[in-house]
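Derivation of every value follows stated rules applied to the coordinates shown; laboratory data play no part. Treat the numbers as computed from the prediction; the structure is a model and nothing was measured. For neighbour counting, all protein chains shown are included, and Cβ atoms are generated from backbone atoms with ideal geometry for every residue, glycine included.
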Amino acid sequence: MKISEAKRRIETLRREIERHDDLYYKQNSPQISDFEYDLLIHELETIEKRFPELITPDSPTRKVGSDVLKEFVQYRHDYPMLSLANTYTQDELFEFDNRVRKSAGTDVKYVCELKLDGASVSIRYENGRFIRALSRGDGEVGDDVSANILTINSIPKSISNPDLPQSFTIRGEVIFHKEDFRKLNETRVNSGEVPFANPRNAASGTLKTLDSKIVAQRPLDCYFYYMLGEKLPGDSHSGNMKRAASWGFRVSDTIKQCNNIAEVLQFIEIWETRRSEIDFEIDGVVVKADSIELQKRLGYTSKTPRWAVAFKYKAEQERTRLISVSFQVGRTGAVTPVANLAPVLLAGTTVRRASLHNADQMKLLDLHMHDYVYIEKGGEIIPKVVGVDIAHRSADALPLDFPVKCPECGYRLTRIEGEANWYCPNDLECPPQLKGRIEHFISRKAMNIEGIGEETVDLLFGRNLVRDVSDLYGLSAETLSTLEGLGEKSAANITRSIRNSVNVPFHRVLFSLGIRHVGEATARSLASHFKSINAIMNASVDDLIHVPDIGLKIATSIREFFDNDRNLAIIEKLRSFGLSFNPEPGSAENSDKLAGLSIVITGTFSRHSRDEYKEMIINNGGRSLSSVTSGTSFILAGESPGPSKIETARKLGIPVYSETDFLEMIA
Ligand code: IVH
């Protein structure tokens with residue numbers, strides 16, 4: 001390679017890496033996998049090694065990417081927040097081990113930890129008090145995200161312990177547990193918001209949310225993995241982590257001391273196969289020299305510590321053939337492209353379909369008919385197409401375009417300014433929109449009508465028995481029992497469930513209506529602010545934006561919904577069937593009997609579902625949280641409660657109540 005050629009390639013690589021840094025750190029929407037990103041860095045490093053005269057201090061090989069946002073107050077880190085060198089092969093690990101042992105002059109003890117895939121945070125404590133939490137930022141300066149971090153229940157706000165140094169900094173990874181992430185995305189989809197691509201994006205997006213009230217509603221968690229300070233309690237990393245755990249910090253119990261690199265490799269292998277058992281996402285293993293003295297001796301490069309490396313697991317990826325692309329129309333009219341694939345085994349399941357997200361993503365992939373595509377399973381619910389194998393595209397392959405008309409009803413699609421989705425505006429007739437609204441209405445978190453699945457909705461719709469949700473209340477058991485696959489017993493159960501649904505509280509009825517962008521939480525705020533459907537119907541956009549958490553987009557959507565005569569007619573019909581359109585006076589809703597209490601639910605219950613108990617806690621002013629900490633007020637335990645929750649509660653002296661105790665408490 002000539003120097004002129006090297007210069008050109010370096011410029012291209014730097015530009016490309018900077019573009020991906022921006023997508024990853026600032027926009028939370030990476031377009032390439034970590035592996036592909038590391039390939040770019042590796043190529044740049046190789047060229048820079050051959051032509052050191054072309055290295056500049058601002059090269060991405062010399063500095064860490066930046067996630068600093070303008071709106072937060074920024075502070076300088078007390079210790080720079082660096083990245084980790086990535087390795088992908090055993091050989092690279094052996095090289096690391098050789099370097100470390102050479103410097104130590106003896107055998108070395110390592111600590112292996114899972115590499116959590118979230119957003120990093122650095123928290124400073126002085127005299128046992130939480131001072132400030134900073135995001136990584138550019139490694140030198142970070143955003144003050146204290147308000148958001150303080151919403152995480154498991155993070156100690158003050159600590160008193162004889163071992164505690166006068167001051168210290170502790171670093172950890174902010175994450176979403178898989179189940180919490182699934183629920184968060186479900187709520188986002190239900191309220192017409194774009195779901196997060198994976199738990200990592202959800203965690204870093206949430207950490208950088210300016211409104212900490214929104215953050216408080218999301219169950220973030222944080223695991224700690226490193227402590228820094230002048231006078232640390234121990235002389236080993238593992239010892240410091242044990243102390244941190246005893247002071248109340250959450251430290252993963254998978255952390256393991258290894259006597260040599262062979263034991264390290266064993267740890268890596270074990271967790272690669274057990275990866276799916278862990279309830280948060282990991283993308284590898286971090287290997288650290290355990291002795292703090294040795295860590296000091298090895299020191300740092302400008303970007304990474306010399307005493308630690310990350311062994312990255314490859315994203316679970318496969319290559320397969322694209323058969324076709326379907327364009328699905330959801331209940332809000334949003335059109336989503338889905339790739340139909342030649343079946344392929346990926347991480348233990350056969351995959352036939354993968355998400356293409358939206359028109360922008362399709363364009364970016366430059367998808368052609370019958371392309372070979374790469375699919376990846378990250379934290380997301382369905383796999384996604386992450387790339388195309390262009391080398392195997394046939395010369396005459398035609399590009400795949402996004403349709404201009406609705407594939408279901410033929411209406412011309414429209415796009416709302418600033419949104420990635422195309423919509424079918426024919427909300428009054430487009431069949432999947434009508435059916436989707438019925439499915440949403442009967443779903444568990446909405447009216448909770450049991451016994452009707454997607455197929456029954458199809459049948460009811462196909463036979464013209466139900467066109468909108470109010471028609472459900474006119475269905476008789478006789479009519480239902482004539483439907484394919486429904487006997488008299490299930491028909492009777494369905495009609496009973498429909499009848500019972502008239503008792504569903506007002507805020508859930510409001511959520512069930514399927515107003516675009518109105519999820520469970522927004523429906524709850526609207527109900528408690530306006531008290532009746534009539535008041536909401538009469539509210540102007542200006543009145544609506546005064547409700548907490550409602551912005552112009554949601555307010556406009558609510559106004560549009562109630563300006564539509566057909567929606568008003570449906571509401572009148574529902575009212576005539578006895579549905580609740582204002583909170584019943586004296587109902588258990590909105591009491592403050594549990595005000596200020598943090599309650600953890602565990603086990604299975606017989607008198608109400610877990611979700612119903614959660615709702616009762618919120619309605620009575622309490623907070624329902626997932627993990628037991630010293631701040632937990634009590635545990636609501638059913639049959640077979642989580643043993644670790646009960647054990648922690650016992651240790652911390654937290655009372656455990658049964659469902660009967662709880663129901664008496666709020667009666
Ligand atoms: S130690 C100076 N340990 O990985 C060394 N990092 O790619 C500091 N991470 O910025 C890092 N799990 O956000 C360490 N057990 C673990 C980790 C971990 C996840 C993240 C962390 C760091 C990034 C580097």
Practice task
Of all alpha-carbon pairs in region 1-145, indicate the percentage at a distance above 23 angstrom.
Solution key: 52
Exercise for the section: Report, in whole Å, the centroid distance computed from the Cα atoms of region 412-452 and region 265-281. Expected result: 39
Problem - Integer Hz, Karplus 6.51/-1.76/1.60 couplings in order for region 324-340, x for Gly and Pro - result: 7, 10, 9, 10, 8, 9, x, 5, 8, x, 5, 9, 10, x, 10, 8, 9
Exercise for the section: Provide Rg over Rh for the chain; use the alpha carbon set for both Rg and the Kirkwood Rh (inverse mean inverse pair distance). Expected result: 0.99
Problem - Alpha-carbon centroids, region 598-667 and region 507-556: separation in whole Å - result: 30
Exercise for the section: Determine the equivalent ellipsoid of region 377-474 by diagonalising the alpha-carbon gyration tensor, then write out the semi-axes as square roots of 5 times the eigenvalues, largest first, rounded to whole Å. Expected result: 34, 19, 14
Practice task
Report Rg/Rh for region 310-441, rounded to two decimals, where Rg is the Cα radius of gyration and Rh the Kirkwood radius.
Solution key: 1.02
Exercise for the section: Pop out the ³J(HN,Hα) list for region 152-157 in order, Karplus 6.51 cos²θ - 1.76 cosθ + 1.60 with θ = phi - 60°, rounded to Hz; leave Gly and Pro as x. Expected result: 7, 4, 7, 8, x, 8
Practice task
Please report the orientation-averaged projected area of region 504-575, defined via the convex hull of its C-alpha atoms, in nm².
Solution key: 4.1
Exercise for the section: Return one number: the angle in degrees, 0 to 90 and rounded to the nearest 10, between the long axis of the Cα atoms of helix 643-652 and the longest principal axis of the Cα atoms of the chain. Expected result: 70
Exercise for the section: At 4 °C and 1.567 mPa s, grab the translational diffusion coefficient of region 619-667 from Stokes-Einstein with a Kirkwood Rh over Cα pairs, rounded to a whole number in µm² per second. Expected result: 113
Fill in the blank from the handout: Output for region 531-573 (equivalent-ellipsoid semi-axes, sqrt of 5λ from the C-alpha gyration tensor, Å, descending) is 19, 11, 7
Practice task
For the chain, find the longest principal axis of its Cα atoms and tell me its angle to the long axis of helix 90-104, 0 to 90°, nearest 10.
Solution key: 50
Problem - Unit Cα scatterers, Debye sum, region 153-236: log10 I(q)/I(0) for q = 0.13, 0.20, 0.24 Å⁻¹ - result: -0.55, -0.94, -1.19
Exercise for the section: Report ³J(HN,Hα) in whole Hz for each residue of region 552-561, in order, from the Karplus equation J = 6.51 cos²θ - 1.76 cosθ + 1.60 where θ = phi - 60°; Gly and Pro get x. Expected result: 4, 4, 5, 4, 5, 5, 5, 4, 4, 4
Fill in the blank from the handout: So the angle from the long Cα axis of helix 520-530 to the longest Cα principal axis of the chain, reported in degrees to the nearest 10, equals 60
Practice task
Return the loop-located trypsin sites (Lys or Arg not before Pro) in region 136-242 (DSSP other than H, G, I, E, B) with at most 14 other Cβ atoms within 10 Å of their own Cβ; answer none if there are none.
Solution key: Lys157, Lys231
